[in-house]
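The values are calculated or read from the model by the stated rules, or taken from the named source; none is laboratory data. For clarity, every value in this text was computed on a predicted model and none was experimentally measured. Here the Cβ positions follow ideal geometry from the backbone for every residue, glycine too, while neighbour counts run over all protein chains shown.
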Amino acid sequence: MTGRIVPPDAAGIAAAVELLRAESVVAFPTETVYGLGADAFSRKAIGEVYRLKNRPSWNPLIVHVADVAAARKLAAEWPAAADRLAAAFWPGPLTLVVRRAGHLTGVGADNDTIALRIPAHDVALRLLAAVGLPLAAPSANRSESISPTTAEHVLRSLPDVPLVLDGGPSSWGIESTVLDLTTPVPTLLRPGALGLRALRDVTGAIALPATETADGVGRPSPGMSRRHYAPRAVLHLVPDVRAVDIPEKTGVLTYEGVAVPGAEILSAEPREYAADLYAALHRLDDSGVETILVQQPPESEDWLAIRDRLGRASAK
């Protein structure tokens, strides 16, 4: 069965709700990337997410909710920092990891935590309101591959998804920032669309994980796998693409100020670069290249999430 792309009008939302309540899955837009949504309380639906994505069982899912009240119902503890962060950044590209409510089974990570966020996209919010369920929703693509930022990207990667709500291109184009609030100092688990400077204005200090989490080991957040976000072509990060002889069947991705002829040239402003990063990798993959050379991003904190994505995409 091949899925279909539908507009997010009343009929489209109703069709999505029917599928979700029947323990099936639906792809829908968020401001970060497109998500593959499933009833977070349904083992059958969650199993379908893992099957379609070929996602390893140790990689947990983020649960999307309609409002803070819905988030608090899924939490055993709701620290004061969660209230401050939710007030400042929800709806938005921030995921909070908190202790999971004791009555929940099959939802959240292998430990006692759950990752929660409220998406800042009209279609996602209308879907959450209509279905009346928390939706587990990882990116709507095969595991390890490039995240989708358009409806077409979804079906190219996951043709068997029954329905995709088309909300246009994702505005942020990169996944949410994930912050663990179960630690004494809030801990960054995944850099993302929301920068650390903005978070520190609310939380104060933010810790980085003490060690890398090995693949095959349970973790509290997605986006921590060694290899992730990767195109079909082999991706290499290079210090200066201008100094490299470009072989045949090789694409180049760089940014303004470090340009080479024939390259995909993105903005030198990190948010604008991030918004087009996955789309650019999709374009290069679709062009048939076998190798992609990517100009290493700057070392500044503003580029942290981009360096993270490209580093994982280039991992062997």
Quiz item: Which residues, taken from the stretch 133-168, are over 17 Å from Val25 (Cβ atoms) and surrounded by fewer than 18 Cβ atoms within 10 Å (Cβ to Cβ)?
Solution: Glu152, Gly168
Quiz item: Given the conditions (1) in contact with a strand residue (DSSP E or B) (Cβ under 9 Å, 6 or more places away or on another chain); (2) modelled with pLDDT of 95 or more; (3) not in a loop (DSSP other than H, G, I, E, B), and given that His153 satisfies all but one, which numbered condition is not satisfied?
Solution: (1)
Quiz item: Within the stretch 182-200, how many residues are in contact with a strand residue (DSSP E or B) (Cβ under 7 Å, 6 or more places away or on another chain), within 17 Å of Ala82 (Cβ to Cβ) and of a type in the set (A, V, I, L, M)?
Solution: 5
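To keep it simple, each residue is scored yes or no on (1) in a helix (DSSP H, G or I); (2) touching a strand residue (DSSP E or B) at 6+ places or on another chain (Cβ under 9 Å); (3) not small (Gly, Ala, Ser).
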{"residue": "Ala124", "(1), (2), (3)": "yes, yes, no"}
{"residue": "Ala130", "(1), (2), (3)": "yes, no, no"}
{"residue": "Leu133", "(1), (2), (3)": "no, yes, yes"}
{"residue": "Val161", "(1), (2), (3)": "no, yes, yes"}
{"residue": "Pro169", "(1), (2), (3)": "no, no, yes"}
{"residue": "Leu179", "(1), (2), (3)": "no, yes, yes"}
Self-check item: Complete set of residues in the stretch 9-64 that are among the β-branched types (Val, Ile, Thr) and over 24 Å from Ala274 (Cα atoms)
Solution: Ile13, Val17, Val25, Val26, Ile46, Val49
Practice problem: Name the residue, out of Arg271, Arg312, Arg307, that is at pLDDT below 95, assigned to a helix (DSSP H, G or I) and of a type in the set (Lys, Arg). | Solution: Arg312
Exercise. Evaluate the stretch 34-56: report whether one residue or more is without any contact (Cβ under 8 Å) to a residue 40 or more places away in the chain, more than 25 Å from Leu94 (Cα to Cα) and touching a helix residue (DSSP H, G or I) at 6+ places or on another chain (Cβ under 6 Å).
Key: no
